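Worksheet: one structure, shown below.
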Amino acid sequence: MAWIRPVVDRIFLVDRGGVPMVHLSRGLPTGADPDLIASMFTAIVNFMNQSFHSMGHADVRSIELEDYQVVFGRGHHILMFLLYHGRESNRLERRVARDVKELERHHASVLGNWDGDTDRLVDVKRDLERLWRLRERQDVVEVLRTKPAPVVDAPPVMR
């Protein structure tokens, strides 16, 4: 892997129980279910934290995958997972932690009492998109779904 400036590819926001809330992405969908990925990251973080706490260590802040880094940010009500590639960045770890605190402060009433209704997360999603310059993955899917497909080699119309 080339040592380049970190580039954020995906952000997953889940509640403390691991229920997916928002997924933002730099590109098109990969075919992997983002809700499943968010739940998997939640399980991994919870398992690692419990394991390391039993040995007297603090929370896990990031993990390294083959081509990606995953940074974890924890708040009272939410967890944020940021998937990026490029040079490892402690600055991103600090930024994720700071952004989680800011999101919880600005959206305390929604995040503290979230009942699973994603319509209540519109402002949270908008703030995440602005902070990280990413879009919600579903927006990309809807554009592709509603855009008419080009007709290639269509047979002539007979009347």
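The values are calculated or read from the model by the stated rules, or taken from the named source; none is laboratory data. Small disclaimer: the values here were computed from a predicted structure and weren't measured. Backbone-built Cβ (ideal geometry, glycine too); neighbour counts: all protein chains shown. Just the protein is used for accessible areas: all its heavy atoms, side chains included, with ligands, DNA and RNA removed. Shrake-Rupley method; radii C 1.70, N 1.55, O 1.52, S 1.80 Å.
Here are the numbers for this structure:
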read-out	value
Assigned charges on the beta-carbon of Lys, Arg, Asp, Glu; the range 1-123 dipole about Cα centre (debye)	540
Gain on full stretching of the segment that runs from ASP59 to ARG120 - 0.36 nm per residue minus C-alpha separation	19.0 nm
Inter-site label distance for ALA108 and GLN50 at 7 Å from Cα along Cβ, in nm	3.1
Ranking by accessible area, most exposed first, for HIS85, HIS107 with a 1.4 Å probe	HIS85, HIS107
Computed label-point distance, nm, for sites ARG133 and GLU88 using a 7 Å Cα→Cβ extension	2.6
10 °C / 1.306 mPa s Stokes-Einstein diffusion coefficient of the range 78-139, Kirkwood radius on C-alpha pairs, µm²/s	123
